[in-house]
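Below: one structure, written as structure tokens.
The values are calculated or read from the model by the stated rules, or taken from the named source; none is laboratory data. It should be emphasised that the depicted structure is a prediction, and the values quoted were computed from it without experimental measurement. Cβ sites come from the backbone with ideal geometry, for glycine too, and all protein chains shown count toward neighbours. SASA here: full protein model, heavy atoms, side chains in, ligands and nucleic acids out. Shrake-Rupley method; radii C 1.70, N 1.55, O 1.52, S 1.80 Å.
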Amino acid sequence: MRLNRRVWCSFVFVAGEVSGIMISISKWKCSWSLMATIASIVALVSVVHLFLFPVVPSFDPFSVRKVQDSCGPNNESVDGRTGHDPGNLQPVLDLEHKFPADLHRAVVYRNAPWKAEIGRWLSGCDAVTKEVSVVETISGRSCKNDCGGQGVCNYELGQCRCFHGFSGAGCSERLHLECNYPKSPELPYGRWVVSICSAHCDPTRAMCFCGEGTKYPNRPAAETCGFQLSLPSEPGAPRQVDWAKPDVDIYTTNKSKLGWCNVDPAEGYANKVKFKEECDCKYDCLSGRFCEVPVLCSCINQCSGHGHCRGGFCQCANGWYGTDCSIPSVTSSVREWPQWLRPAQLDVPDNAHLTGKLVDLNAVVKKKRPLIYVYDLPPKFNSLLLEGRHFKFECVNRLYNDNNATIWTDQLYGAQMALYESILASSHRTLNGEEADFFFVPVLDSCIITRADDAPHLSMEQHLGLRSSLTLEFYRKAYDHIVEHYPFWNRSSGRDHIWSFSWDEGACYAPKEIWNSMMVVHWGNTNSKHNHSTTAYWADNWDKISSDRRGKHPCFDPDKDLVLPAWKRPDVIALSTKLWARPLEKRKTLFYFNGNLGPAYPNGRPEALYSMGIRQKLAEEFGSTPNKDGNFGKQHAENVIVSPLRSERYHEDLASSVFCGVMPGDGWSGRMEDSILQGCIPVVIQVGSSAYPENIENMFDLAYKQQATWLFMAQDGIYLPYENVLNYESFAVRILEDEIPNLIKILQGFNETEIENKLTSVQKIWQRFLYRDSMLLEAERQKNAFGYVEDWAVEFLRLTEDDVFATFVQVLHYKLHNDPWRRQLGSQKKDFGLPQECLMRTS
């Protein structure tokens, strides 16, 4: 039905009363008297609104997160192309003289020692960034049958994002996902797979439950739970599982047998009934020893308050979409729009009263660059991987306990989720691809690899059992999707696109089609020294991937890529006691390393390739714990700790040390983060050999040799977190492999002033190794939902320095105006919110 003018003018009033929203009316033909009446009412409402909702900022501890990347004042920008007012010319900014480098060749910006060129630009330009006006398009394209209640409509493309087990244009096709591989006479339940099931298989997710006919049909009966176990072959050895024989006792009602599916929780807790210990709550959304407590599931940004989390997939409320339900459609309530879209000036199309249907709505929002567009990919690249996971700890960095309080996990690859959530909720996010400076492609490889071979439909048979090959295929299909459905890739050949690779060796298995893009990794191997896979895990090896698929690119290019810190679980005690700030006089251990030291020690990794042999060589020299032969290291000393024994006081031990070892594992390890977060000077030991003459001790004194070591920074071609943007010499020590025997002499060669300076630098940058932004998002959600602030949130709210995400944005801003390929594209007709002298490189 065609809407008349009076109805549409009424819509203007309703929208006009929303705080922070202004309406722009184009060529409407309402009567002047009616318009005057509406204007009077709007003015009155605005006055009342000022009394009810003051414009002055109110104190909100969570606002720290919202303004974390705020910058200083800036001159007005008039010219839409350059952001510079030609009528008020300013002298050219001499960054080199205004921001000179220190003795370590670093320029400090916001307490971090950056490489000189980067630090200068950030100090002179990032610090004065001004907001610009960005037109955000709010979409309203419909989907077939509204996705039939089995999916979420992407209102931008008019495509359904179907839940696990459903497919088709309108999510009307039901998939049948088997838990088991085809059976054989020897294996009636097929060969082993994580989803193997002797009970009831849910074919929408390939998950195993007790099923109908039991007292608790929705209780998981996954994997070992449903099969018979034999006695250990020797004392202390694990029990063996017979995957061909189902364990029917899990259905028993006999309290003297090891049951499960009919065990009453109250009787189980009271030890009045026996139950099988191997049965547990592997799946998300359930808690309690008997899975009797429904709890919050883990979803991306917990669906942003606009949806329901169903095992990892956000089922969005009407009018909202996106992997975290954070994108409003034209039917959403303006009052509920996210912070990154407010305040906004709405522009209602002038032909809306003719069609009676809003397809797109423009909203002008003030933002600071860089602007990041996030692709809303089909869920097979993210949400389905979360919804179908067979072990609740996989992929995510948090779970929820019986009271729905947040449980932060030690998931090694949780940084990928944290970065993704921060980008989605950031004020730097834009829905306007034409205005975007960068494009983030959210493929969750942390979930792909951990879930490889979880179920028959995730089989690696076509990939020769290589998880690396399977993961490459996911990235290539994501590339195919964005090239087919979006126009943005071709305008830069993908060089303004960002892909995250969280696994051990980073982007080594990136398909050749996307290598022009920026890779965000935890392990920066340029392959200048190591041009083959370094992992000891066969399934992750990328050497066997054909060059037709992978190309011949390195794993990392320091000119375009970035190494970000790995995820570390919040430690309330370490934060509250300020272990990071412990002074030198309280650090009694000279050098500390606690971790796996290889096959010479009990429970050590057996592979010779593990850690490229570096940890093993360190232990040979300085091992402070006896190996299998009862031997210590050749140079073991009281104030040097190199041990594989897991410390119960790990963070305290780090904080009691001056220097801490940082060595690879199967690729990256989290030792750099551990060291920095506890205020310890990291000593990076990587593969390589120095170019010192054999008689160097006769030519130079040890102090000179110590300083010369800096000439070999990253000589092994492997970059650690921020190493291609921050000045490592200011806060770290890098030792080459053949210098391990001289390690203690080198460290003792630093005088107290040098050590104090490095400790001070570590204490200034430690927060840049925390994913504080993501944690504050969770703190705010918990506060809004339950009205309280947990202990970990209290500690994080006290922190004010830039974190990982703020550093990430600063690097993007520098790259926006300094990447050579952008200069080659010529001038861009955008308002960058910067003085002309900051834009010279992009002109």
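Which ones in the stretch 622-659 are in contact with a helix residue (DSSP H, G or I) (Cβ under 8 Å, 6 or more places away or on another chain), within 25 Å of residue 731 (Cα to Cα) and either open to solvent by 60 Å² or more (accessible area, probe 1.4 Å) or not small (Gly, Ala, Ser) (or both)?
Once the filter is applied, which keeps residues that are in contact with a helix residue (DSSP H, G or I) (Cβ under 8 Å, 6 or more places away or on another chain), within 25 Å of residue 731 (Cα to Cα) and either open to solvent by 60 Å² or more (accessible area, probe 1.4 Å) or not small (Gly, Ala, Ser) (or both), the stretch 622-659 yields 622, 640, 641, 642, 650, 651, 652, 654, 658, 659.
For residue 212, indicate whether it is out of contact with any Pro (no Cβ under 6 Å at 6 or more places or on another chain), open to solvent by 60 Å² or more (accessible area, probe 1.4 Å) and farther than 30 Å from residue 337 by Cα.
Here the answer is yes, as residue 212 does meet what is asked.
Could you figure out which of (1) over 17 Å from residue 301 (Cβ atoms); (2) in a helix (DSSP H, G or I) isn't true of residue 830?
Against the list (1) over 17 Å from residue 301 (Cβ atoms); (2) in a helix (DSSP H, G or I), residue 830 comes up short only on (2).
So, restricting to strands (runs of 3 or more DSSP E) that lie completely within the stretch 143-241, which ones have at least 2 residues that are more than 25 Å from residue 313 (Cβ to Cβ)?
227-230
Among the residues of the stretch 660-674, is there at least one that is modelled with pLDDT of 85 or more, open to solvent by less than 10 Å² (accessible area, probe 1.4 Å), of a type in the set (Gly, Ala, Ser) and assigned to a strand (DSSP E or B)?
yes
Are any residues in the stretch 367-398 open to solvent by less than 10 Å² (accessible area, probe 1.4 Å) and either acidic (Asp, Glu) or at positive phi (or both), and if so, which ones?
Across the stretch 367-398, the qualifying residues are 387, 395.
Among the residues of the stretch 400-413, how many are in contact with a Lys or Arg (Cβ under 9 Å, 6 or more places away or on another chain) and either of a type in the set (Asp, Glu) or open to solvent by less than 10 Å² (accessible area, probe 1.4 Å) (or both)?
Number satisfying all stated conditions: 2.
If you go through the stretch 189-227, how many residues are under 19 Å from residue 163 (Cβ atoms) and β-branched (Val, Ile, Thr)?
Residues flagged as under 19 Å from residue 163 (Cβ atoms) and β-branched (Val, Ile, Thr) within the stretch 189-227 amount to 1.
For the stretch 446-462: of the residues being in contact with a Ser or Thr (Cβ under 8 Å, 6 or more places away or on another chain) and outside any helix (DSSP H, G or I), which is surrounded by the fewest Cβ atoms within 10 Å (Cβ to Cβ)? Give the steps one after another, and end with the answer.
As a first pass, look at the stretch 446-462 and keep what is in contact with a Ser or Thr (Cβ under 8 Å, 6 or more places away or on another chain): 446, 448-449, 452-456, 460.
Narrowing the set further to residues that are outside any helix (DSSP H, G or I) leaves 452-455, 460.
Details: 452: 21, 453: 18, 454: 21, 455: 23, 460: 15.
My answer is 460.
Answer yes or no as to whether residue 330 is open to solvent by 10 Å² or more (accessible area, probe 1.4 Å), of a type in the set (A, V, I, L, M), touching a residue at least 40 places away in the same chain (Cβ under 8 Å) and in contact with a Leu (Cβ under 6 Å, 6 or more places away or on another chain).
So residue 330 fits the description; yes.
Out of the stretch 463-481, which residues are aliphatic (A, V, I, L, M) and part of a helix (DSSP H, G or I)?
Scanning the stretch 463-481 gives 470, 472, 478.
Filter the stretch 88-137 down to the residues that are among the polar types (S, T, N, Q) and assigned to a loop (DSSP other than H, G, I, E, B) and list them by number. It would help to see each step written out before you state the result.
At the first step, the residues of the stretch 88-137 found to be among the polar types (S, T, N, Q) are 88, 90, 111, 123, 129, 133, 137.
Hits for the stretch 88-137 are 88, 90, 111, 129.
Among what's in the stretch 607-639 and is of a type outside the set (A, V, I, L, M, F, W, C) and in contact with a strand residue (DSSP E or B) (Cβ under 6 Å, 6 or more places away or on another chain), pick the residue that is nearest to residue 685 (Cα to Cα). Give the steps one after another, and end with the answer.
The first filter runs over the stretch 607-639 and keeps only residues of a type outside the set (A, V, I, L, M, F, W, C), leaving 607, 610-611, 613, 615-617, 620-621, 623-631, 633-636, 638-639.
When the remaining residues are screened for being in contact with a strand residue (DSSP E or B) (Cβ under 6 Å, 6 or more places away or on another chain), the result is 623-625, 639.
Numbers: 623: 16, 624: 18, 625: 20, 639: 19 Å.
Once the filter is applied, the top-ranked residue is 623.
For residue 787, all conditions in the list (1) closer than 15 Å to residue 113 by Cα; (2) open to solvent by 60 Å² or more (accessible area, probe 1.4 Å) hold save one; what is the number of the exception?
Just one mismatch for residue 787, condition (1).
If you take the residues of the stretch 119-156 that are open to solvent by 30 Å² or more (accessible area, probe 1.4 Å) and either among the β-branched types (Val, Ile, Thr) or in contact with an Asp or Glu (Cβ under 8 Å, 6 or more places away or on another chain) (or both), which of them is farthest from residue 816 (Cα to Cα)?
That would be 141.
How many of the residues in the stretch 330-361 are among the β-branched types (Val, Ile, Thr) and at pLDDT 90 or above?
Step one: filter the stretch 330-361 for residues among the β-branched types (Val, Ile, Thr), giving 330-331, 334, 348, 355, 359.
Checking which are at pLDDT 90 or above leaves us with 330-331, 334.
Matching residues across the stretch 330-361 total 3.
Yes or no, residue by residue, for (1) surrounded by fewer than 22 Cβ atoms within 10 Å (Cβ to Cβ); (2) of a type in the set (Phe, Trp, Tyr); (3) not in a loop (DSSP other than H, G, I, E, B):
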residue: 750; (1), (2), (3): yes, yes, no
residue: 760; (1), (2), (3): yes, no, yes
residue: 763; (1), (2), (3): yes, no, yes
residue: 773; (1), (2), (3): no, no, yes
residue: 783; (1), (2), (3): yes, no, yes
residue: 834; (1), (2), (3): no, no, no
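Here are the criteria: (1) open to solvent by 50 Å² or more (accessible area, probe 1.4 Å); (2) on the phi > 0 side of the Ramachandran plot; (3) assigned to a helix (DSSP H, G or I). Tell me which single one residue 603 does not satisfy.
(3)
Quick one: what pairs do we get from the stretch 266-277, first residue within 16 Å of residue 220 (Cα to Cα) and part of a strand (DSSP E or B), second open to solvent by 70 Å² or more (accessible area, probe 1.4 Å) and of a type outside the set (Phe, Trp, Tyr), C-beta under 8 Å, 6+ apart or different chains?
Final answer for the pair search is 275/258.
Could you tell me whether the stretch 717-725 includes any residue that is among the hydrophobic types (A, V, I, L, M, F, W, C) and within 15 Å of residue 104 (Cβ to Cβ)?
yes
Residue by residue, here is whether (1) of a type in the set (S, T, N, Q); (2) surrounded by fewer than 19 Cβ atoms within 10 Å (Cβ to Cβ); (3) under 23 Å from residue 664 (Cα atoms) holds:
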{"position": "509", "(1), (2), (3)": "no, no, yes"}
{"position": "520", "(1), (2), (3)": "no, no, yes"}
{"position": "534", "(1), (2), (3)": "yes, no, yes"}
{"position": "539", "(1), (2), (3)": "no, yes, yes"}
{"position": "557", "(1), (2), (3)": "no, yes, yes"}
{"position": "565", "(1), (2), (3)": "no, no, yes"}
{"position": "569", "(1), (2), (3)": "no, yes, yes"}
{"position": "574", "(1), (2), (3)": "no, no, no"}
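Select from the stretch 522-532 the residues that are crowded, with 22+ Cβ neighbours inside 10 Å and in a loop (DSSP other than H, G, I, E, B) and write down the one among them that is modelled with the highest pLDDT.
Ranking the candidates gives 522 first.
Select from the stretch 384-408 the residues that are touching a Gly at 6+ places or on another chain (Cβ under 6 Å) and aliphatic (A, V, I, L, M) and list them in ascending order.
Filtering the stretch 384-408 down to residues touching a Gly at 6+ places or on another chain (Cβ under 6 Å) leaves 386-387, 397.
386 - this is the single residue of the stretch 384-408 that is touching a Gly at 6+ places or on another chain (Cβ under 6 Å) and aliphatic (A, V, I, L, M).
Of the residues that sit in the stretch 706-740 and are open to solvent by less than 20 Å² (accessible area, probe 1.4 Å) and modelled with pLDDT under 60, which one is nearest to residue 771 (Cα to Cα)?
Out of the qualifying residues, it is 714.
Given the conditions (1) more than 37 Å from the chain's Cα centre (by Cα); (2) within 28 Å of residue 385 (Cα to Cα); (3) not β-branched (Val, Ile, Thr), report the number of the one that residue 232 does not fulfil.
The one condition residue 232 does not meet is (2).
Which of the numbered conditions does residue 744 fail, given that it passes all the others? Conditions: (1) crowded, with 20+ Cβ neighbours inside 10 Å; (2) farther than 21 Å from residue 418 by Cβ.
The single condition residue 744 does not satisfy is (1).
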